[in-house]
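Just below is one structure, and these are the notes that go with it.
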Amino acid sequence: MSFKGLQPILYGGREVWPLIEGGKGVSATNGMSSGAWAAAGGIGTVSAVNADSYDAEGKIIPQIYDQLTRLERHRQLIAYAIDGAVEQVKRAFERSDGRGAININVLWEMGGAQEILENVLERTRGMVAGVTCGAGMPYKLAEIAQRFNVNYLPIISSARAFRALWKRSYSKVPELMAAVVYEDPWLAGGHNGLSNAEDPLRPEDPYPRVTALRETMRAEGVSEDTAIVMAGGVWFLREWNDWVDNPELGKIAFQFGTRPLLTEESPIPPEWKEALRHLDDGDVLLHKFSPTGFYSSAVKNTFLWDLIHRSERQIPYSKVEAGEHTRQLDVGVRGKNFWVAQKDYERAKVWFGEGHTEALKTPDDTIVYVTPAKRDEIRRDQKDCMGCLSHCQFSSWKDHGDYTTGRLADPRSFCIQKTLQDIAHGDPVDRNLMFAGHAAYRFKQDPFYSNNFTPSVKQLVDRILTGD
């Protein structure tokens, strides 16, 4: 028995439940977890973002970047990414045993995204049913999907974003757009599509936003068979009762990103799984420290608090005496062309006295104060950049043209590739970026997980289908 009127849909040539596993990047979703989700009758999503590959003995190959130049390391990264994603798709396809369907997920803002996606699809023909893609405006997604005859599912956060993509690109390949993923920018984990017009502190109800998306799709002539996938904040299906069989919304599917983290097949380390069981409401923060420039949601742990406090130790400066910048700064800086407000001079002295003796320039004519050890870590990470993003604020890298954003590297950010690889492969969860959706606190409250129970993916999907 499935939850109230939830019907299987036809996707990838077979009937599947309209339940999609969210594709969490850098080894948080792999062939085992995605294959198991598909085997349970849903749509599994392999993350094609720097996935793991294996040696002849089945051990994970460490992604080591030993080339001297950033561009050479970027080429290493692309090779790792292609090999890893191909390996995980093959494992997922085998694990699914001909049931459900396998998608792959790509961030358009990752370095070399187009080259990686094309190579993965070329080497996994007949295995991938569709490509979900967000984090940016992936205009080329439709033409790539058409070339390899796979479905595509753009991830958007507003009707306006969908309309721009549709007008410019997707209207030319409407038959392969299997669904549109609405990712709630206030509730989803990882990177979110919050626009400058929206307030990160004022969440909006998803219902009117998804209604507006469906109205836009209808106005543009998109087929009613094209589902909208609700992503972000989805836990119990019974809480979405009014969304199922709702003529205003049309065909609806649901994506689960956070819940599949705590399953037997989930590849994240035991310490990460255990940490999920102890989160409270409000422990996940929507923040803007990511080097992508996007907002993202992660657990407030030591790593995130360090970034929060680092940005708090920040003062604006001028290169000449002007306005309220009447005090010449001689705390933690070399040179005389730093003019600050008197109140900020006093703050700088306090920070200096606390051991934050190094002042680092930001791209916004401010300086932040850090300890010598933190300065050395920031500089080392910036130097070791392997070009994992198309544009990186932390290192000033971009993956095309002259390979630089032309902006000063930003010490208020961090190396995202390093920390996501580290947390996925067993480094302390408190000292790394721990992405999670804002509903993660429900692990602690949901009786399904009591007595330290960890379900298999099949048990989780069966549970979801009951409405719980």
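The values are calculated or read from the model by the stated rules, or taken from the named source; none is laboratory data. Keep in mind that this is a model prediction, so the values were computed, not measured. Cβ sites come from the backbone with ideal geometry, for glycine too, and all protein chains shown count toward neighbours. Note: accessible area is taken over every heavy atom of the protein model, side chains too, but ligands, DNA and RNA are not part of it. Shrake-Rupley method; radii C 1.70, N 1.55, O 1.52, S 1.80 Å.
Apolar share of the accessible surface for segment 31-70: 60 percent from carbon plus sulfur atoms, 1.4 Å probe. Rg/Rh for the chain (Cα atoms only, Rh after Kirkwood) is 0.99.
The modelled label-to-label distance between Arg125 and Arg202, using points 7 Å beyond Cα along the C-beta direction, is 5.3 nm.
Computed with a 1.4 Å probe over protein heavy atoms only, the accessible surface of segment 91-220 comes to 42 Å² per residue. Largest first, the residues Met137, Met386 sort by 1.4 Å accessible area into Met137, Met386.
In order along segment 45-54, the Karplus-derived 3J(HN,Hα) couplings, from 6.51 cos²θ - 1.76 cosθ + 1.60 at θ = phi - 60°, round to 10, 7, 6, 9, 9, 6, 6, 6, 10, 10 Hz, and Gly and Pro are given as x. Label separation (Thr466 vs His425): 3.9 nm, computed from points 7 Å beyond Cα along the C-beta direction. Checked against a 30 Å cut-off, the cross-linked pairs Lys300/Lys336; Lys343/Lys398; Lys167/Lys273; Lys59/Lys288; Lys319/Lys398; Lys288/Lys361 give Cα-Cα distances beyond that limit for Lys300/Lys336; Lys343/Lys398; Lys167/Lys273; Lys59/Lys288. Using R0 = 45 Å, the C-beta based FRET efficiency linking Tyr403 and Leu10 works out to 0.50. Dipole size of the chain about its Cα centre, with +1 on Lys/Arg Cβ and -1 on Asp/Glu Cβ: approximately 720 debye, rounded to the nearest 20.
Going highest first, how would you order 371-379, 182-190 by mean Cβ packing within 10 Å?
182-190, 371-379
Peptides 215-226, 428-439, 16-27 ranked from most to least packed, by the mean per-residue count of other Cβ atoms within 10 Å: 16-27, 428-439, 215-226.
Here the dipole of segment 74-197 is about 300 debye; that uses its Cα centre as origin and unit charges on the Cβ of Lys and Arg (positive) and Asp and Glu (negative).
The C-alpha atoms of the chain define a longest principal axis, and helix 372-383 lies at about 50 degrees to it.
Amide H to amide H distances under 5 Å link Tyr295 with Asn192, Leu194, where only residues 5 or more positions off or on other chains count and H is placed in the peptide plane.
Projecting the Cα atoms of Ala341, Phe254, Phe162 onto the charge dipole of the chain (Cβ charges, centred on the Cα centre) puts Ala341 farthest toward the positive pole. Solvent exposure of segment 370-468 amounts to 44 Å² per residue of accessible area, where only protein heavy atoms count and the probe is 1.4 Å.
For segment 273-290, backbone phi angles converted through the Karplus equation (6.51, -1.76, 1.60; θ = phi - 60°) give residue-by-residue couplings of 4, 5, 4, 4, 6, 10, 7, 10, 4, x, 7, 9, 10, 7, 9, 10, 8, 4 Hz, Gly and Pro being listed as x. Ranked by the mean number of other Cβ atoms within 10 Å of their residues, highest first, the peptides 389-399, 452-462 come out as 389-399, 452-462.
If the chain linking Gln459 and Arg75 were pulled fully straight, counting 0.36 nm for each residue of separation and taking away their Cα-Cα distance, it would gain 134.2 nm.
Heads up, I need the accessible area for His278: 1.4 angstrom probe, whole protein in place, Å², nearest 10. Here the accessible area works out near 110 Å². At an R0 of 25 angstrom, the distance between the Cβ atoms of Lys288 and Lys140 translates into a FRET efficiency of 0.40. Between Asp330 and Val350, residue separation times 0.36 nm minus the direct Cα-Cα distance comes to 5.9 nm.
Rounded to the nearest 20, the Cβ-based charge dipole of segment 169-294 about its Cα centre (Lys and Arg +1, Asp and Glu -1) stands at 260 debye.
Please report, as a whole percent, how much of the solvent-accessible surface of segment 330-468 comes from carbon and sulfur atoms (probe radius 1.4 Å). Ligands and nucleic acids excluded, carbon and sulfur reach 49 percent.
Close amide H partners of Thr404, meaning residues 5 or more places away or on another chain with modelled amide H under 5 Å apart, are Lys398.
Here is the list for segment 268-364: trypsin sites (Lys or Arg not before Pro) lying in DSSP coil, each with at most 13 other C-beta atoms within 10 angstrom of its C-beta, are Lys319, Arg334, Lys336.
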